[in-house]
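What follows is a short report on a single structure.
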């Protein structure tokens with residue numbers, strides 16, 4: 001395993017991104033936390049430093065190319081290398097029938113969930129090629145493999161992200177750069193709670209009915225924990241995964257098995 005390694009984690013201020021940042025720190029990586037949430041970045045920074053790794057929080061708006069470029073340039077200036085890039089940041093997008101979704105909401109979901117990872121990869125790959133090493137992990141979703149009613153923008157981005165992952169892996173593999181995707185099922189926490197609330201409101205169900213339906217879809221009858229995703233991300237960024245690239249790994253408690 002390389003020493004003095006650095007990872008950039010988008011959306012690292014809360015939830016899955018924070019868990020990934022801390023888990024990577026436990027594996028000896030310094031962490032760049034790219035987020036809009038200043039309070040969350042500070043919290044993650046403290047958690048990373050508690051693992052005796054360096055941390056840097058950078059205000060990053062994935063909708064703007066210049067912001068992403070600035071983040072990558074600052075990360076390189078501070079840490080010299082970017083060994084891992086975890087494209088975790090994303091939004092749920094609207095929960096409505098297709099015909100009721102505004103073009104603005106559609107565009108915002110595409111910009112953050114799909115265009116954002118493209119911009120981050122575009123900026124980080126030259127440095128990875130130059131150093132002859134890199135690990136890219138895109139946090140997709142099981143919705144990238146199956147329909148999710150009333151969530152067409154979100155589904156489109158996650159399906160697109162899997163295609164992006166496979167194609168990029170083929171492009172950069174000769175430079176010892178691996179590109180993989182993680183496809184979480186429903187991850188317990190505040191974000192999925194908001195999704196369940198919106199679905200309950202739009203379908204006339206109760207919140208508990210929506211949650212129980214989501215749990216019953218998995219073989220284990222439960223939701224996924226954010227730490228489950230973090231451990232897989234750390235594995236994909238480690239030397240144990242040197243021969244794994246272009247893959248989309250489900251972490252769904254058996255919700256999806258393909």
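The values are calculated or read from the model by the stated rules, or taken from the named source; none is laboratory data. These numbers were taken from a predicted model, which means no experiment stands behind them. Because the Cβ atoms are built from the backbone with ideal geometry, glycine has one as well, and the counts that use them run over all protein chains shown.
I need the full set of residues from segment 229-240 which are surrounded by fewer than 20 Cβ atoms within 10 Å (Cβ to Cβ) and either without any contact (Cβ under 8 Å) to a residue 40 or more places away in the chain or touching a helix residue (DSSP H, G or I) at 6+ places or on another chain (Cβ under 7 Å) (or both), in order please.
Within segment 229-240, 231, 235, 240 meet the criteria.
So for segment 163-172 (the condition being buried (at least 20 other Cβ atoms within 10 Å of the Cβ), farther than 20 Å from residue 65 by Cβ, touching a strand residue (DSSP E or B) at 6+ places or on another chain (Cβ under 6 Å) and in contact (Cβ under 8 Å) with a residue 12 or more places away in the chain), does at least one residue qualify?
yes
Taking segment 1-34 only, how many residues are under 12 Å from the mean Cα position of the chain (by Cα) and either closer than 20 Å to residue 77 by Cβ or outside any loop (DSSP other than H, G, I, E, B) (or both)?
Summing the residues that are under 12 Å from the mean Cα position of the chain (by Cα) and either closer than 20 Å to residue 77 by Cβ or outside any loop (DSSP other than H, G, I, E, B) (or both) in segment 1-34 gives 12.
Test of understanding: among 108, 123, which residue is touching a helix residue (DSSP H, G or I) at 6+ places or on another chain (Cβ under 9 Å), touching a residue at least 12 places away in the same chain (Cβ under 8 Å), crowded, with 19+ Cβ neighbours inside 10 Å and not in a strand (DSSP E or B)?
123
Out of segment 201-254, which residues are outside any helix (DSSP H, G or I) and more than 19 Å from the chain's Cα centre (by Cα)?
204, 205, 206, 217, 218, 219, 220, 221, 222, 242, 243, 254
Taking residue 69 as meeting all but one of (1) surrounded by 20 or more Cβ atoms within 10 Å (Cβ to Cβ); (2) touching a helix residue (DSSP H, G or I) at 6+ places or on another chain (Cβ under 6 Å); (3) assigned to a helix (DSSP H, G or I), write down the number of the exception.
Evaluating residue 69 over (1) surrounded by 20 or more Cβ atoms within 10 Å (Cβ to Cβ); (2) touching a helix residue (DSSP H, G or I) at 6+ places or on another chain (Cβ under 6 Å); (3) assigned to a helix (DSSP H, G or I) leaves (1) as the failure.
How many of the residues in segment 115-135 are touching a strand residue (DSSP E or B) at 6+ places or on another chain (Cβ under 8 Å) and more than 17 Å from residue 69 (Cβ to Cβ)?
Of the residues in segment 115-135, 3 are touching a strand residue (DSSP E or B) at 6+ places or on another chain (Cβ under 8 Å) and more than 17 Å from residue 69 (Cβ to Cβ).
What's the total number of residues in segment 217-226 that are under 15 Å from residue 188 (Cβ atoms) and loosely packed, with under 14 Cβ neighbours inside 10 Å?
2
Give segment 35-59 a look and list any residue that's in a loop (DSSP other than H, G, I, E, B) and buried (at least 18 other Cβ atoms within 10 Å of the Cβ), or say none.
Matches in segment 35-59: 37, 53.
Just for segment 139-155: of the residues that are free of Cβ contacts under 8 Å to residues at least 60 places away in the same chain, under 18 Å from the mean Cα position of the chain (by Cα) and surrounded by fewer than 23 Cβ atoms within 10 Å (Cβ to Cβ), which one is farthest from residue 116 (Cα to Cα)?
Out of the qualifying residues, it is 143.
Please go through segment 173-200 and give me each residue that is under 25 Å from residue 235 (Cβ atoms), under 20 Å from the mean Cα position of the chain (by Cα) and surrounded by fewer than 19 Cβ atoms within 10 Å (Cβ to Cβ), ordered by number.
188, 189, 191
Exactly one condition in (1) without any contact (Cβ under 8 Å) to a residue 12 or more places away in the chain; (2) more than 27 Å from residue 176 (Cα to Cα) is not met by residue 243; state its number.
Unmet for residue 243, out of (1) without any contact (Cβ under 8 Å) to a residue 12 or more places away in the chain; (2) more than 27 Å from residue 176 (Cα to Cα): (2).
Being in a helix (DSSP H, G or I) and more than 19 Å from residue 114 (Cα to Cα), is that true of even one residue in segment 176-187?
no
Look at residue 62 and say whether it is in contact with a helix residue (DSSP H, G or I) (Cβ under 6 Å, 6 or more places away or on another chain), assigned to a loop (DSSP other than H, G, I, E, B) and either closer than 21 Å to residue 81 by Cα or free of Cβ contacts under 8 Å to residues at least 24 places away in the same chain (or both).
The answer is yes for residue 62.
Taking the condition of being within 30 Å of residue 122 (Cβ to Cβ) and at pLDDT 90 or above, how many residues in segment 176-223 meet it?
11
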